[in-house]
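Peer 1: I have a structure here, written as structure tokens, and I will follow up with some questions on it.
The values are calculated or read from the model by the stated rules, or taken from the named source; none is laboratory data. What you see is a predicted model, and the numbers here were worked out from it, not measured in a lab. Virtual Cβ from ideal backbone geometry, glycine too; neighbours counted across all protein chains shown. Just the protein is used for accessible areas: all its heavy atoms, side chains included, with ligands, DNA and RNA removed. Shrake-Rupley method; radii C 1.70, N 1.55, O 1.52, S 1.80 Å.
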Amino acid sequence: MMWLREDLLKSIWHAFTALDVDHRGKVSKSQLKVLSYNLCTVMKIPHDPVAFEEHFKDDSKGPLSSDGYMLYLNRFILDKVQEDFDVTEFHRMCWTLCYKKKMRSPHLSISINDAFKVWCIFNFLSEDKYPLVIIIDEIEYFLRKLTEAMGIGLDEEKFAEYKANSKSCLSAWETINLVGMTYFCREVEPQTLSMGINHVFTELIMDVLKQGYMVKKGHKRKNWTERWFVLRPTALSYYESEDVLDLKGEIVLDQSCCVEALNDKDGKKCLFIIKCSDKSFEIRAPDKKKRQEWIQAVHSCIQLRRLGLTSPHREARRRRREVRQRQQAEEEELAERMKELQAANERKQRELEDMRMKMEEAAARAAREELQRKKTELDMQDRYRLDLEREKLVRLQMEEQMAQKSSELEQYLQRVRELEDMYHLLEEALEDERQAKHDEEAMRKLQSRLLQEEAAKRAELEQLHLQQQRELVQTEVEKKELIAEQQAKDRDLQAAEQQLKCLGTEFFEIYEDVKPPFQTISEKSISVFLSSSKRMTNWGPASFTDTELEMRKKFWQQSKAKGAQTQT
């Protein structure tokens with residue numbers, strides 16, 4: 001059965017808090033040593049007392065805190081755990097250490113074994129925070145599964161009343177009391193309640209997704225035998241009977257498995273087959289409905305393995321927690337927005353109060369200004385009356401002045417007309433001058449463009465001149481290199497001729513020494529032999545004769561003369 005470290009830590013936390021009698025978060029070293037030994041025994045881990053003493057050597061006296069023990073627990077126990085130990089026995093050991101000290105209600109209608117199962121269910125559904133509590137949503141989930149397993153429905157009204165009047169979360173012992181007092185199912189028999197608790201425990205804690213009797217076809221004798229099948233997320237096990245004591249075999253479900261229905265054959269109905277990588281298993285269900293349920297359940301387990309997930313109940317718990325976290329985040333965001341709106345509302349109220357006070361001040365100021373305006377208006381009326389009389393006198397004087405000004409205006413208008421005529425003449429002269437400047441500007445742009453083109457051509461000619469100069473210099477350098485190469489070849493040829501002369505002299509000296517034995521050989525034969533024989537050098541016979549050497553020399557001199565004529 002698959003387990004998670006968080007599930008193990010929850011049970012160990014109950015055992016640790018049971019040993020913490022003073023509720024200070026500390027336990028004596030001797031008690032923790034006994035707890036560690038029991039954990040190692042149940043989990044099939046070799047106990048190392050030396051490592052325990054070495055880890056807690058600084059705490060040789062006095063109690064140890066939960067923080068310090070957690071480091072030892074993770075390093076020396078949980079990190080070494082394999083998946084081959086009995087997890088139920090582990091939980092029962094932790095339960096034995098804590099239930100006698102924590103369970104205080106004597107009026108429970110459930111047995112200690114059922115209370116242990118409720119305790120395990122609490123650990124599975126509790127939040128991953130310490131101290132461990134189960135929230136009201138998970139309590140509702142547990143009660144719904146419990147009442148559903150007992151074949152009755154949850155009393156919605158009673159639960160709503162309890163939800164409204166109770167705490168938002170419960171501890172493990174409060175949860176056991178809630179189930180044991182049968183608050184929501186008073187008319188249920190204790191045996192029915194025990195069966196319901198066992199069903200929920202088997203489903204959630206033991207990861208049993210489905211179980212029941214079916215008939216399986218054997219692999220060797222091909223006989224059909226009735227077995228009790230138990231489906232878990234990783235395997236389909238089959239036992240002799242429903243007491244699950246005698247395991248007859250196990251079908252391991254992995255990614256390569258598949259399940260499908262089979263047609264009726266040999267008088268057998270409701271058949272289906274589970275195909276694995278090494279073998280296939282033919283099974284007969286009691287009826288078609290059961291067959292479809294088993295096929296769907298096995299297919300769901302295979303899909304979980306392909307997706308790399310654990311059990312469906314753990315995935316459902318994870319999804320419920322994610323939904324609650326999202327709802328909590330949304331509620332926190334909503335509360336934050338409400339705070340912001342409330343702050344904005346208070347700010348608006350303050351602004352409205354300030355505006356009301358400002359309006360009152362403005363009204364008082366307006367009243368004062370109205371009184372001042374009326375007084376000023378009376379003063380202005382008196383002043384206007386005096387000004388009116390004064391204006392009448394001034395108007396008479398102005399009429400006289402207007403008559404005089406009208407004659408002056410006629411003269412002024414005449415002068416304006418003359419100035420307008422002069423202005424038109426000046427505008428025409430200015431327009432002519434502007435046209436002349438425009439023509440001059442166009443001519444200047446044309447000259448500038450011609451100068452630019454001439455400069456570009458001059459630059460291009462200079463580039464061509466420079467390129468020709470570079471090519472002449474390069475030709476001169478190549479000519480010098482050819483002359484040097486020719487002089488080197490002349491020197492090599494002179495050296496070769498000198499060597500040939502030396503070789504001829506040596507040859508004749510040798511010939512004079514060996515002449516007596518060859519007196520009978522004619523001079524013509526010797527000359528023919530010399531002309532046809534190859535030249536001997538210090539390194540052996542030459543690659544061509546003297547005649548061929550003379551022909552090559554003449555050919556090379558002719559080629560040299562032709563090359564000199566070509567260069568000149």
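Peer 1: Looking at the range 548-568, I want the residues that are more than 15 Å from Asp492 (Cβ to Cβ) and in a helix (DSSP H, G or I) and have a partner that is of a type in the set (A, V, I, L, M, F, W, C) and modelled with pLDDT of 75 or more with Cβ atoms under 9 Å, at least 6 apart or on another chain. Which pairs are those?
Peer 2: Gly563/Leu482; Gln567/Leu482; Gln567/Ile483
Peer 1: Right, next: Among the residues of the range 282-307, count how many are touching a residue at least 12 places away in the same chain (Cβ under 8 Å) and over 43 Å from the mean Cα position of the chain (by Cα).
Peer 2: The number of residues fulfilling the criteria is 9.
Peer 1: Quick check: anything in the range 274-287 open to solvent by 20 Å² or more (accessible area, probe 1.4 Å) and either of a type in the set (Phe, Trp, Tyr) or in contact with a Pro (Cβ under 9 Å, 6 or more places away or on another chain) (or both)?
Peer 2: As a first pass, look at the range 274-287 and keep what is open to solvent by 20 Å² or more (accessible area, probe 1.4 Å): 275-280, 282, 284, 286-287.
Pick out the ones that are also either of a type in the set (Phe, Trp, Tyr) or in contact with a Pro (Cβ under 9 Å, 6 or more places away or on another chain) (or both) and you get none.
So far as the range 274-287 goes, no, none of its residues is open to solvent by 20 Å² or more (accessible area, probe 1.4 Å) and either of a type in the set (Phe, Trp, Tyr) or in contact with a Pro (Cβ under 9 Å, 6 or more places away or on another chain) (or both).
Listed here are the residues, each with its yes/no results for (1) aromatic (Phe, Trp, Tyr); (2) touching a Gly at 6+ places or on another chain (Cβ under 6 Å); (3) in contact (Cβ under 8 Å) with a residue 40 or more places away in the chain.
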| residue | (1), (2), (3) |
| --- | --- |
| Leu193 | no, no, yes |
| Phe201 | yes, no, yes |
| Val230 | no, no, no |
| Asp243 | no, no, no |
| Leu247 | no, no, no |
| Leu253 | no, no, yes |
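Peer 1: Next question, about the same structure. Just name the residue that is nearest to Lys269 (Cα to Cα) out of those in the range 211-246 that are assigned to a strand (DSSP E or B) and among the small types (Gly, Ala, Ser). So that I can check it myself, show each step before the final result.
Peer 2: Taking the range 211-246 as the starting set, the residues that turn out to be assigned to a strand (DSSP E or B) are 211-217, 224-231, 235-239.
Filter once more, keeping what is among the small types (Gly, Ala, Ser): 212, 235, 237.
Numbers: Gly212: 17, Ala235: 24, Ser237: 22 Å.
The extreme case among them is Gly212.
Peer 1: Please state which of the following conditions Asp254 fails to meet, knowing it meets all the rest: (1) within 21 Å of Pro312 (Cα to Cα); (2) open to solvent by 30 Å² or more (accessible area, probe 1.4 Å); (3) touching a strand residue (DSSP E or B) at 6+ places or on another chain (Cβ under 7 Å).
Peer 2: Here Asp254 clears every test but (3).
Peer 1: Condition check: at pLDDT below 90, under 28 Å from Ser256 (Cβ atoms), open to solvent by 70 Å² or more (accessible area, probe 1.4 Å) and not small (Gly, Ala, Ser). Does Arg319 satisfy that?
Peer 2: It is true that Arg319 is at pLDDT below 90, under 28 Å from Ser256 (Cβ atoms), open to solvent by 70 Å² or more (accessible area, probe 1.4 Å) and not small (Gly, Ala, Ser).
Peer 1: Name the pairs: first residue in the range 310-338 and under 12 Å from Phe124 (Cα atoms) and in a helix (DSSP H, G or I), second residue open to solvent by less than 50 Å² (accessible area, probe 1.4 Å) and acidic (Asp, Glu), Cβ to Cβ under 9 Å, at least 6 apart or on different chains?
Peer 2: Filtered contacts from the range 310-338: His313/Glu203; His313/Asp207; Arg314/Asp207; Arg317/Glu138.
Peer 1: Suppose the filter is touching a residue at least 60 places away in the same chain (Cβ under 8 Å), open to solvent by less than 40 Å² (accessible area, probe 1.4 Å), of a type outside the set (D, E, K, R) and touching an Asp or Glu at 6+ places or on another chain (Cβ under 7 Å); does Leu125 pass it? So that I can check it myself, show each step before the final result.
Peer 2: On the way: touching a residue at least 60 places away in the same chain (Cβ under 8 Å): yes; open to solvent by less than 40 Å² (accessible area, probe 1.4 Å): yes; of a type outside the set (D, E, K, R): yes; touching an Asp or Glu at 6+ places or on another chain (Cβ under 7 Å): yes.
In short, yes.
Peer 1: Another one. Testing Arg144 on (1) within 18 Å of Ser11 (Cβ to Cβ); (2) at pLDDT 85 or above; (3) among the charged types (D, E, K, R); (4) surrounded by fewer than 18 Cβ atoms within 10 Å (Cβ to Cβ), one condition comes back false. Which one is that?
Peer 2: (1)
Peer 1: Pairs please, first residue from the range 151-172 and under 22 Å from Ser126 (Cβ atoms), second anywhere and open to solvent by 50 Å² or more (accessible area, probe 1.4 Å), Cβ atoms under 6 Å, 6+ apart in sequence or on different chains.
Peer 2: Leu154/Arg144
Peer 1: Only one residue in Val473, Val394 is more than 30 Å from Thr566 (Cα to Cα), of a type in the set (Val, Ile, Thr), surrounded by 10 or more Cβ atoms within 10 Å (Cβ to Cβ) and out of contact with any Pro (no Cβ under 9 Å at 6 or more places or on another chain). Which one?
Peer 2: On the way: Val473 fails: more than 30 Å from Thr566 (Cα to Cα).
Answer to the selection: Val394.
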